[in-house]
1. Taking the Cα centre of the stretch 67-176 as origin and charging only Cβ (+1 Lys, Arg; -1 Asp, Glu), how large is the dipole, in debye to the nearest 20?
2. Would you tally the net charge around Ser121, using a Cβ to Cβ cut-off of less than 14 Å, leaving Ser121 out, and scoring K and R as +1, D and E as -1?
3. Give a residue-ordered list of calculated ³J(HN,Hα) values for the stretch 108-115 (Karplus: 6.51 cos²θ - 1.76 cosθ + 1.60, θ = phi - 60°; whole Hz; x for Gly, Pro).
4. Pull up all non-local amide H partners of Val93: gap of 5 or more, or a different chain, and H-to-H distance under 5 Å with H placed in the peptide plane.
5. Is the stretch 73-178 best put as rounded, prolate or oblate by its Cα gyration tensor, with a ≥ b ≥ c the root eigenvalues, rounded for a/c under 1.5, and otherwise prolate when a/b is larger than b/c, oblate when not?
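Bear in mind that the values in this text are calculations on the coordinates, not laboratory data. No experiment lies behind these values; they were computed from the predicted model shown. No Cβ is skipped: glycine too gets one built from the backbone with ideal geometry, and neighbour counts run over all protein chains shown.
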Amino acid sequence: MLLGLKEITVQSSFEVQFRLFLTREPETKKNPTRFLKVAESHPFGQKPMFRIIVALANIILLSFPSLAQDRQGADMASGQLAFNNACRTCHSVKEGDNRLGPNLYKVLGRRAGSLPNYGYSPAMKNADFVWDKGKLDQFIAEPDAVVRDNRMKPYGGLASADTRAKVIAYLESVTTGQ
């Protein structure tokens with residue numbers, strides 16, 4: 001007994017088209033339950049499941065045009081989370097929003113201790129470097145090793161290189177607007 005006919009067309013590099021026939025076996029003493037199965041007269045012959053899997057894989061791949069963008073979005077989200085957990089108590093990434101620490105909006109490329117309208121420690125004002133990824137990584141890991149007598153107390157550093165990399169990527173995205 002034919003239950004129904006479903007036709008699925010996939011337009012991809014394979015130009016796959018197939019029809020899936022669904023049948024229902026009658027109830028018998030050997031088979032007391034009804035269930036659906038692929039009809040014996042399937043147009044693909046002996047290996048219909050393989051073709052169905054290939055077609056479904058194409059549908060899935062075509063529905064995600066850019067998995068890289070999704071991953072980048074996830075990386076930025078995890079970077080923002082790492083920033084929120086380790087830095088946001090004292091810092092902001094909004095321009096002009098200085099808190100206990102200076103805002104970190106466009107910190108990459110900025111001279112250390114140079115943000116107007118913030119009261120840096122004398123040590124940070126006299127620091128003679130520009131923030132880049134390497135210097136920021138060192139500072140986040142161990143602030144006193146980069147600038148002695150800074151006012152980052154009680155913050156002692158972020159030990160995880162992976163977490164530091166996420167925070168720096170997030171700050172870079174704020175810097176570049178991406």
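1. Numbers: 15 positive and 12 negative charges, 56 e Å.
Around 280 debye, computed over the stretch 67-176.
2. Local net charge: +2.
3. Each residue of the stretch 108-115 in turn: 5, x, 8, 6, 4, x, 10, 5 Hz.
4. The answer is Leu104.
5. Prolate.
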